[in-house]
1. If a residue has to be at pLDDT 90 or above and not in a loop (DSSP other than H, G, I, E, B) to count, how many in the stretch 1-25 make the cut?
2. From the residues in the stretch 43-81 that are touching a strand residue (DSSP E or B) at 6+ places or on another chain (Cβ under 6 Å) and not in a strand (DSSP E or B), which one is farthest from residue 115 (Cα to Cα)?
3. Which residue out of 79, 90 is of a type outside the set (D, E, K, R), at pLDDT below 95 and within 23 Å of residue 7 (Cα to Cα)?
4. Consider the stretch 91-108. How many of its residues are outside any strand (DSSP E or B), surrounded by fewer than 19 Cβ atoms within 10 Å (Cβ to Cβ) and hydrophobic (A, V, I, L, M, F, W, C)?
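The values are calculated or read from the model by the stated rules, or taken from the named source; none is laboratory data. Keep in mind it's a predicted model, so treat the numbers as computed, not measured. Cβ coordinates were reconstructed from backbone atoms using ideal geometry, including for glycine residues, and neighbour counts include every protein chain displayed.
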Amino acid sequence: MTFDTPNGTHGARQPGAGRLMRWFNGWNMKRIRRKGGKVMGMDALVLTTVGRKSGAERSTPVSYLPDGNDAWLIVASANGAAKNPAWYHNIAAHPDQVRVEMAGRKVTVSAEQLHGQAREEAWRRIKKELPRFAKYEEQTDRELPVIRLQAR
């Protein structure tokens, strides 16, 4: 289980962490935790990781695709930015300390980055069902990491 996808050299502007974005993410996370929901037209969950440097819990809304019973596929797209999102590095540092929340459920999960054929199959499915990710792929030169979260 390796989390080793390097950053790229170009891509879209990564979403900022300004006051408005923090408010928007907080509002979305409250809604997702309470009753589930969508962000930008895609099903979303609240992903909680442990900061690789701080050791503090960090939560963020993330789009997902169901992948069987109590399993979800997420993509470290950062909207097509050149760099992987912070939560990707947090999972890499602490893959055994990840949790998802949605619609009143809190589930501890194990995280696995998909590689090779498993990633290709998942990626085709993701692009078909969530076409926005195909656009993100075009905006950057890095391979967008696909992570499978499985309830423990």
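1. Qualifying residue count for the region: 0.
2. The qualifying residue farthest from residue 115 (Cα to Cα) is 51.
3. 79
4. Counting residues in the stretch 91-108 that are outside any strand (DSSP E or B), surrounded by fewer than 19 Cβ atoms within 10 Å (Cβ to Cβ) and hydrophobic (A, V, I, L, M, F, W, C) gives 2.
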